[in-house]
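The structure under discussion is supplied below as structure tokens; questions concerning it will follow.
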Amino acid sequence: MVLTVSSPAWKHGEPIPKKYTGDGADVSPPLVFAGVPTGTTSFALVCDDPDAPVGTWVHWVIYDLPGTATGVPEGVPKAASLPDGSRQGRNSWKKLGYGGPSPPPGKPHRYFFRLYALREPLGAGPGLGAKEMEASARARSIGMAEFMGTYGRS
């Protein structure tokens, strides 16, 4: 099996429901993990927008999710550390937790959710930025999957 990440809220490449955006409730979407590689002890996830006018805009950084996780629920609290041991990093607003899509009016933007299956947890405290989290995750990765949604304002 191949590692996958998806959401029951929309299909790959389709629009992200307003609920999960800055125009809605701004809660993190539910995500589902499948095809988890043997030996996975932890997961790391980043969501970003490569179409932002200022360059790639990071919407969510979460890591040290337990290797037994089958996904993340809707509405993950915007806390540094979660009860399951997960940690959240800084998004481009310099805040911890998920910040939903809120692009400028015009062409819809793409939002990529990249999931890393890791052979060992990152073991870092909360607050990592996307670049340092992804560098550490790539060094420990035994699988990577990507899921994309779009969102635009007229």
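The values are calculated or read from the model by the stated rules, or taken from the named source; none is laboratory data. All values reported here derive from a predicted model rather than from experimental measurement. Neighbour counts are summed over all protein chains in view; Cβ atoms, including those assigned to glycine, are modelled from backbone coordinates with ideal geometry.
Does region 70-112 hold any residues that are surrounded by 22 or more Cβ atoms within 10 Å (Cβ to Cβ) and part of a strand (DSSP E or B), and which are they?
VAL72, ARG87, GLN88, TYR111
Looking at region 1-58, what strands (runs of 3 or more DSSP E) fall wholly within it and have at least 1 residues that are at pLDDT 95 or above and more than 15 Å from the chain's Cα centre (by Cα)?
31-34
Looking only at region 4-62, which residues are surrounded by fewer than 15 Cβ atoms within 10 Å (Cβ to Cβ) and of a type in the set (Lys, Arg)?
LYS11, LYS18, listed by residue number.
Condition check: crowded, with 18+ Cβ neighbours inside 10 Å and in contact with a Cys (Cβ under 7 Å, 6 or more places away or on another chain). Does PHE147 satisfy that?
Against the criterion (crowded, with 18+ Cβ neighbours inside 10 Å and in contact with a Cys (Cβ under 7 Å, 6 or more places away or on another chain)), PHE147 does not qualify.
Please indicate, with yes or no, whether at least one residue in region 99-106 is within 30 Å of THR38 (Cα to Cα) and within 14 Å of the chain's Cα centre (by Cα).
Among the residues of region 99-106, not one is within 30 Å of THR38 (Cα to Cα) and within 14 Å of the chain's Cα centre (by Cα), which makes the answer no.
Out of SER81, SER102, which single residue is farther than 18 Å from SER6 by Cβ, out of contact with any Ser or Thr (no Cβ under 8 Å at 6 or more places or on another chain) and of a type in the set (S, T, N, Q)?
SER81
Any residue that is more than 23 Å from THR150 (Cβ to Cβ) and of a type in the set (Ser, Thr, Tyr) - is there at least one of those in region 14-30?
Checked against the condition, which is being more than 23 Å from THR150 (Cβ to Cβ) and of a type in the set (Ser, Thr, Tyr), region 14-30 yields no hits at all.
Now for a different question. Checking ALA139 against (1) closer than 21 Å to LEU31 by Cβ; (2) not in a loop (DSSP other than H, G, I, E, B), which single condition isn't satisfied?
(1)
Among the residues of region 113-136, write down those that are without any contact (Cβ under 8 Å) to a residue 24 or more places away in the chain and part of a strand (DSSP E or B).
Listed by number, the list is empty, since nothing qualifies.
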